[in-house]
Amino acid sequence: MPISNPVKWIQKTALSLPEVEEGSVCDKVAFKAGKKNFLFMGSDGDGYNVKLKLKDSLGEAQEQSSGQAGSIHVGSNGWVELEFPHGQSLPQSVLVRCIEESYRLLVPKKLVAKLDAP
């Protein structure tokens, strides 16, 4: 499903996770839980970028980005930067999995347990 405003949607999705706070680091919006940053987002005149940590979803994110406007840069230790023109993004289901995966990999396990609680 296409996302009409990916930046706002990413912000809303991140803030819906347990105990997430929004702040800033350098020139990026940072999302953290339990004092651990798990998602960074920046924007300029041409587009926006999202930086998060992936492990299991990395291949799917790379596959979904091929052939469309935008790019994925894989850095050290599983950190991935997604860059897109304004108004474009990965599919909603892929972004949800990427954001949740980064959260699960980086925040304290007691907060991850809240995500899994019924």
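Name the pairs whose Cβ atoms lie under 6 Å apart, with the first residue in segment 44-59 and among the basic types (Lys, Arg), the second open to solvent by 10 Å² or more (accessible area, probe 1.4 Å), and 6 or more positions between them or separate chains?
So the pair list comes out as Lys51/Phe40; Lys51/Glu81; Lys53/Gly78; Lys53/Trp79; Lys53/Leu105; Lys53/Leu106; Lys55/Gly78.
Cβ contacts < 6 Å: first residue open to solvent by less than 20 Å² (accessible area, probe 1.4 Å), restricted to segment 79-104; second residue of a type in the set (Lys, Arg), any location; separation 6+ or different chain. Result?
Ser102/Lys53
Only residues in segment 14-43 that are within 17 Å of Asn77 (Cβ to Cβ) count as the first member; pair them with residues that are at pLDDT below 95 and open to solvent by 90 Å² or more (accessible area, probe 1.4 Å), Cβ under 9 angstrom, at least 6 apart or cross-chain, and list the lot.
Matching pairs, first to second residue: Phe40/Cys26.
Taking Trp9 as meeting all but one of (1) out of contact with any helix residue (DSSP H, G or I) (no Cβ under 9 Å at 6 or more places or on another chain); (2) open to solvent by 40 Å² or more (accessible area, probe 1.4 Å), write down the number of the exception.
(1)
Of everything in segment 12-57, what is small (Gly, Ala, Ser) and open to solvent by less than 50 Å² (accessible area, probe 1.4 Å)? Give them in sequence order. Can you show your working first?
Of the residues in segment 12-57, the ones small (Gly, Ala, Ser) are 14, 16, 23-24, 30, 33-34, 42-43, 45, 47, 57.
Listed by number, the residues that qualify are Ala14, Gly23, Ala30, Ala33, Gly34, Gly42, Gly47, Ser57.
The values are calculated or read from the model by the stated rules, or taken from the named source; none is laboratory data. Values in this document were obtained by computation on a predicted structure and should not be read as measured data. Reconstructed Cβ throughout: ideal geometry from the backbone, glycine too, with neighbour counts over all protein chains shown. All accessible areas refer to the heavy atoms of the entire protein, side chains included, with ligands and DNA or RNA removed. Shrake-Rupley method; radii C 1.70, N 1.55, O 1.52, S 1.80 Å.
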